[in-house]
Structures are given as structure tokens and as C-alpha cells.
């Protein structure tokens, strides 16, 4: 026996001749199995089960109302019963600082804690906001893959009062002497920017207006952005809903309130307005289109704000603020 045969594990060369080919039958094995499938496409993977659960949940919810905008982004056509999600560390901390009503705070498991996260948790504890620790896949599903950075704030739907009922109740209180100043309302016609709504609410609070009226359709609603811009004034000034703005304005006039519309080509200049001390409803249109035809026809008076001829128009919230200041100044005399 040779030395190679004695050593364990030694290489033994075969004297066998060249092997016969497979005739092409082994080609498929040589090609491999292709690229590795995504985790969510592998039935044995956890991501696959999460995907199935998300699909079932989406099927139960049905098609989203108010268009295809992702949840957590402000939309004017959102159903009044829908909830909004505020996502991202900066947005969440700013929303909590502004005192936005909050239903729940969702925070990612094992989140990387920084100063913003600490402040969010501190405010949540002070306001007794429920805090839910949630996995990242669930946060991704909740926000439709929006950038959430591990923080999601759930804002409950705003509880709108009926516009005409609010007007009638305010008029009744005024007649009984429960309200010192004459009723003052602001109605929005075609305003779709939530920041405009928030700024208008802020001005309404500053100058003692009793309510803001928004149409039910084709109009901005009380989103998180509107809450933030109002700087908490939305707690003091109710935002009411009008099923049809034209019909509501007719009802407001029947209740004894003068309706004035703001337009650059008004019949009367704001400094010459003589109705300031009476019950008043100020109607403002969008910056681009202005007042709609039917709304304009149902105004008792169209009022213009004198501005430099080089400036075509004012921002809606700015126009309302100027008008409210002038009304307040005339009422204080």
C-alpha cells in the first residue's frame, strides 16, 4: 500500500476517462432559479403575512372617500366623518404644540429617540393622549407609505354644527341681551386652502366674530393644517357647515342678517360701509375666481377694499382680516 493510500483524506485520482454529456438535459439546472423574490412575495416570510393582512383590511374599508389622496395629507373634499393622520417628527411636534385635538399617537417600536420625540411624548403624557407602540410595517400601511419617521398622530374628525341653526341661535341670544355685540359671521365661497381657513378663524377670534361658515362641497374643511394656522382660535370660534351656501345665505337674510360680499369691483368702498353695527355676514371668495355668480346675486351689498392699483387682489384671509378690523372699529365708536 502506497503512502497516499495510508493517509486519511488524501486525494485519490481516478483513471476513469472523459464522461458523456447530458445532451442538453442539464441546461435548466445550469441556468439557476432567477432573482430572489421580494420578501412580501415569499409565502413563508413575515412580510408576506403582513401584506395579506393589509390587503384584507383595505378590502374591508372599501374605496376611500373624497378622492385618492393619501391619508395624512390635507384635502378639501374629505368626508366629514374621516380621520386625518399627521406624519413626520416635525409635523407631529408642531401639531401638538398648537393644541390640535388628538385621538391617538402611534410611535414605532425601538424608535431612535431625539429631542422631538421626547417633546412629543412629554406633551402626550401631559394631555393624556393614548400612545400606541406599533411596528414599522403597520405605520407604513396606515400612512400609505408616507414618510412618518416613526411618529403618526391621529386627528379625530371635526364636529361641524349646522350653519343656519348656529346663526338663528346667535340671533336669539342677541335679541335676549345675552350677546353684547351684533352677530357677526364669515362665509367662505370656494376657499380650498386650509391655511386660509386657519388664518380667517384667527382673525374671526381677534375681532369677536361668532362663527365661520364653510360649504359642504368644493370647500376646505378643518384639517390639521387649518388647526395649526388658527393658533388655537378654532377652539373659540365654531366652524359650521352649509349644505348649500346659496340657500344658507337666503336663510341668513331671512333671520335679519345683512350679507355683504367682498370683491374688487364692489358697489361700496369698505370705509363707507354703513352696516357695520348691524348683524352682518361677510362673504369672501377665492383669490382667483372671487365670488360665484349665485352667491354674488344673494348678497345685499358688494364691498371693495381700496388698494394700490398695481395690486390685482388680496389674499382671502387678508381681505377678511382688514374687513373685520374696519367693522370692529366702527362698532367701537
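Read the figures in this text as sums done on the coordinates, not as results from a lab. Every value quoted in this text rests on a predicted model; they were computed, and no experiment measured them. Because the Cβ atoms are built from the backbone with ideal geometry, glycine has one as well, and the counts that use them run over all protein chains shown.
General remarks:
- Divide the volume of the convex hull around the Cα atoms of region 118-243 by the residue count and you get 141 Å³ per residue.
- Volume in Å³ per residue [convex hull over Cα atoms, computed for region 133-177]: 127 Å³
- Debye intensity ratio I(q)/I(0), log10, region 161-331, q values 0.16 Å⁻¹ (C-alpha model): -0.87
- Averaging over all projection directions, the Cα-based convex hull of region 71-155 occupies 5.4 nm² in the image plane.
- The ranking of 142, 132 by Cβ neighbour count inside 10 Å, starting from the fewest, reads 132, 142.
- Kirkwood Rh in Å, taken over region 141-209 so that all alpha-carbon pairs contribute: 15.6 Å
- By other beta-carbon atoms within 10 Å, ranking 185, 174 with the fewest at the front produces 174, 185.
- Counting all C-alpha pairs of region 198-238, share separated by more than 16 Å (%): 28 percent
- Most to least packed among 148-161, 114-127 [average Cβ atoms within 10 Å]: 148-161, 114-127
- Least to most buried among 269, 230 (fewest other Cβ within 10 Å first): 269, 230
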